[in-house]
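The structure appears below as structure tokens.
The values are calculated or read from the model by the stated rules, or taken from the named source; none is laboratory data. The shown structure was predicted, so the numbers you read here are calculated from the model rather than taken from an experiment. Because the Cβ atoms are built from the backbone with ideal geometry, glycine has one as well, and the counts that use them run over all protein chains shown.
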Amino acid sequence: MKNVAVAEAESLTKIGVRNLTVYYGAKLALESISMDVPPNQVTALIGPSGCGKSTFLRCLNRMNDQVPGVKIRGHVMLDGEPIYGPGVDAVDLRRRVGMVFQKSNPFPKSIFDNVAFGPRVHGQRDPVRLRELVERSLKHAALWEEVQDRLDASALDLSGGQQQRLCIARALAVEPEVLLMDEPASALDPIATAKIEELIHELKTHYTIVIVTHNMQQAARVSDLTAYFYLGRLIEHGPTEQIFTSPARQETEDYITGRFG
Amino acid sequence: MTPLHTDRSYEQQLGHLRTAVLEMGGLVEEQIGQAIKALVERDHALARATIERDHTVNRFDVEIDSLSLKLLALHQPAARDLRLITTALKITTDLERIGDMATHIAERAVELADELPIKPYIDIPRMADLARQMLHRSLDAFVREDTELALSVCASDDAIDHLHEQLFRELVSFMVEDPKTVSRAMRLLFVSKYLERVGDHATNIAEMVIFMVKGRQIRHLDKVPREL
């Protein structure tokens, strides 16, 4: 039988990372990172370019596996199960841990087919069920109202902000548990950005979200927890409010107040 | 030592803010001194000049507010910068109130200047010294980011409260003995109360300095912590 305290801590952790170290060839990209990502919260990863935050994000659904020369040590647990363990199906893992990228990348297909793509890959053939999934995902991505009359139109005709929300809908269609977002709003105008941020607030009731952003105000606005990375190390991790009003570490303080040396 | 801000003009504006708070503090400190001098020396002209100076203090209040708002709106400050700005906003409210207290003391000085003293001024100048010292130390703590000094300011508020109570009892006994002294004693009691309020405002400033440096609120605790 499990210790009660341990069980409790696990129930508060969606993704548990222990001593995660990543090398690209000889270059150390992440140095022994340990961090817990709680469920139904937004965790923001901040830090200057090259600090390791995107590498960290991509380790959470094994997107780094295919990088030539990559070495990954340590443990990443999803609901307590190791994702780098033997017999873990990376495709199934990525269904549970979806990803949205900086540049929206819709397929040159219709809006409907973009969202239905994932469920079809995972074997969903029932047209009624597919239609339900597409509608629900578009609604969750706050895009339904704008596209419900033209689901057959090409996704490439949508605006940049709409394309990004379509990509979020596409990620949601396979019913993931975790959503990883790599600078999801950095190419968008302020209105589209505000819509994405509003969406993030809504999505966290259903999903666990980890977001990488260069925009510190965005991290402050959307996240519950903030993690500051520098030179491959996790410098500080805590409630966003605390990080932005009184961080514990001088390095964090200097970065978020704009003292870049 | 905190490294300088990468954006120099932002760093400069934060510097301006700090300086403006200090200048305003220096001004109200002097105002208290002058008001008490006017009272003790029965100096009409000095009392009037003290009252006049309140406009300058008020201008600082407005200037610091607008500088703070501008910094908040244009730079989205975080952490220590954010705490400095919110502290400046709150400190100036206290400084402005201290300025008002000095003005009130000067007004009472004008009223009392032509009347016979009911007793020599001993306790009131002592209270004024204490109040000014508290203010001075709280501003020093602000510049030097010295939380120990700030804590010592909070701890010294009791002394001034104690003097106020003592003066209260004394003045009440004057009034009981001779009703002709009531209007003068009441005015002195007001002065004592104003000085006691100055001590409270200085304590507020010191508490905000602790927040500014440590990011910790010690306001509205039952007891001043001995250490942080």
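Brief remarks on what is shown
- Among the criteria (1) touching a residue at least 12 places away in the same chain (Cβ under 8 Å); (2) within 23 Å of B:G199 (Cα to Cα); (3) surrounded by fewer than 21 Cβ atoms within 10 Å (Cβ to Cβ); (4) not β-branched (V, I, T), the one B:A35 does not fulfil is (3).
- Subset of region A:152-184 [in contact with a helix residue (DSSP H, G or I) (Cβ under 7 Å, 6 or more places away or on another chain) and acidic (D, E)]: A:D152, A:E177, A:D182
- If only residues of region B:75-97 that are away from chain A (no Cβ under 12 Å) and surrounded by fewer than 20 Cβ atoms within 10 Å (Cβ to Cβ) are counted, the one that is farthest from the chain's Cα centre (by Cα) is B:L89.
- Taken together, the criteria exclude B:D123 from residues that are out of contact with any helix residue (DSSP H, G or I) (no Cβ under 8 Å at 6 or more places or on another chain) and either of a type in the set (D, E, K, R) or buried (at least 20 other Cβ atoms within 10 Å of the Cβ) (or both).
- Selection from region A:219-261 of residues that are touching a helix residue (DSSP H, G or I) at 6+ places or on another chain (Cβ under 9 Å), free of Cβ contacts under 8 Å to residues at least 60 places away in the same chain and polar (S, T, N, Q): A:T245, A:S246, A:T252, A:T257
- Residue in region A:91-103 that is in a loop (DSSP other than H, G, I, E, B) and either of a type outside the set (D, E, K, R) or modelled with pLDDT of 95 or more (or both) present: yes
- Residue ID - surrounded by the most Cβ atoms within 10 Å (Cβ to Cβ), chosen from residues in region B:1-32 that are more than 30 Å from B:I124 (Cα to Cα) and among the polar types (S, T, N, Q): B:Q13
- Residue within region A:151-163 that is buried (at least 21 other Cβ atoms within 10 Å of the Cβ) and part of a loop (DSSP other than H, G, I, E, B) present: yes
- Matching residues, region A:237-261, being within 7 Å of another protein chain (Cβ to nearest Cβ), part of a helix (DSSP H, G or I) and in contact with a Phe, Trp or Tyr (Cβ under 9 Å, 6 or more places away or on another chain): A:D254, A:I256
- Single condition A:F107 does not satisfy, out of (1) among the aromatic types (F, W, Y); (2) buried (at least 17 other Cβ atoms within 10 Å of the Cβ); (3) under 30 Å from A:L158 (Cα atoms): (2)
- Contacts under 7 angstrom Cβ, first residue in region B:212-224 being within 19 Å of A:F244 (Cα to Cα) and within 14 Å of chain A (Cβ to nearest Cβ), partner surrounded by fewer than 17 Cβ atoms within 10 Å (Cβ to Cβ) and at pLDDT below 90, 6 or more apart: B:K214/B:L228; B:R216/B:L228
- For region B:11-59, the set of residues classified as under 16 Å from B:A88 (Cα atoms) and either within 14 Å of chain A (Cβ to nearest Cβ) or more than 17 Å from the chain's Cα centre (by Cα) (or both) consists of B:E11, B:Q12, B:Q13, B:L14, B:G15, B:H16, B:L17, listed by residue number.
- Restricting region A:204-236 to residues that are surrounded by fewer than 21 Cβ atoms within 10 Å (Cβ to Cβ) and within 27 Å of A:R95 (Cα to Cα) leaves a set whose member that is farthest from the other protein chains (Cβ to nearest Cβ) is A:H206.
- Test result for A:A194, in contact with a Lys or Arg (Cβ under 8 Å, 6 or more places away or on another chain), farther than 27 Å from A:I83 by Cβ and among the aliphatic types (A, V, I, L, M): no
- Condition check for A:H214: in a loop (DSSP other than H, G, I, E, B) and either under 17 Å from the mean Cα position of the chain (by Cα) or more than 19 Å from A:A44 (Cβ to Cβ) (or both): yes
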